[in-house]
Amino acid sequence: MDEPISPDAERAGMLAALHAVIVGTLSTLKRKGVLTPAEIDQIFEAGLVTFERGEQDETRQAAQLTLEILARSLKG
């Protein structure tokens, strides 16, 4: 891999990796009974409330969208 990675690809890759690790961790904790589905919902609700306050910008909107995607990944 001799080609340099663009900053946008690097950010997208880091976000995808973080998504995978978080979903995997929370899924494992849920499966083992360490966290209930309600507790996982509370984690994401708290995160979403953080991004509802203050001025919205692209970064906050992207963070909020990411939290929503992560929360949907753990439903079921």
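The values are calculated or read from the model by the stated rules, or taken from the named source; none is laboratory data. A quick note: this is a predicted structure, and the numbers were derived from the prediction, not measured. FYI the Cβ positions are ideal-geometry reconstructions off the backbone, even for glycines, and counts take in every protein chain you see. Heads up: the accessible areas ignore ligands, DNA and RNA and are worked out on the full protein's heavy atoms, side chains in. Shrake-Rupley method; radii C 1.70, N 1.55, O 1.52, S 1.80 Å.
The residues of segment 7-75 present an accessible area of 71 Å² per residue when probed at 1.4 Å with all protein chains retained.
Report relative contact order for the chain in percent, whole number only (criteria: Cα-Cα under 8 Å, sequence separation at least 6). Each step should come with its number before you reach the end.
Numbers: 26 pairs, mean separation 25.2, N = 76.
Relative contact order here is 33 percent.
Of all the accessible heavy-atom surface of the chain, with the other protein chains kept in place and a 1.4 Å probe, what percent is carbon and sulfur? Numbers along the way, then the final one.
Values: 3450 of 5780 Å².
Heavy-atom surface of the chain belonging to carbon and sulfur, 1.4 Å probe: 60 percent.
Against the longest principal axis of the chain, how steep is helix 58-73, in degrees 0 to 90 to the nearest 10, with axes from Cα atoms? Here the helix axis deviates by roughly 50 degrees.
What is the diffusion coefficient of the chain in µm²/s, taking the Kirkwood radius over Cα pairs and the Stokes-Einstein relation at 37 °C with a viscosity of 0.692 mPa s? In µm²/s, the coefficient rounds to 236. For residue 12 and residue 39, FRET efficiency with R0 = 35 Å and r from the beta-carbon atoms, rounded to 0.05? E(calc), rounded to 0.05, equals 0.75.
Would you please state which residues of segment 34-49 a label at residue 65 would reach in this model, taking the label point 7 Å out along Cα→Cβ and a backbone N cut-off of under 18 Å? Flagged as within label range: 48-49.
Relative to the longest principal axis of the Cα atoms of the chain, the long axis of helix 7-31 lies at roughly 20 degrees. In the chain, the longest principal axis of the Cα atoms and the axis of helix 37-52 are about 50 degrees apart.
First measure r as the distance between the Cβ atoms of residue 56 and residue 29, then evaluate 1/(1 + (r/R0)^6) with R0 = 22 Å and state the FRET efficiency to the nearest 0.05.
0.10
Using the Cα centre as the reference, give the magnitude of the dipole from point charges on the C-beta atoms of segment 7-75 (Lys, Arg: +1; Asp, Glu: -1; all else neutral), rounded to the nearest 20 debye. Can you show the working numbers first?
On the way: 8 positive and 10 negative charges, 99 e Å.
Computed charge dipole of segment 7-75: roughly 480 debye.
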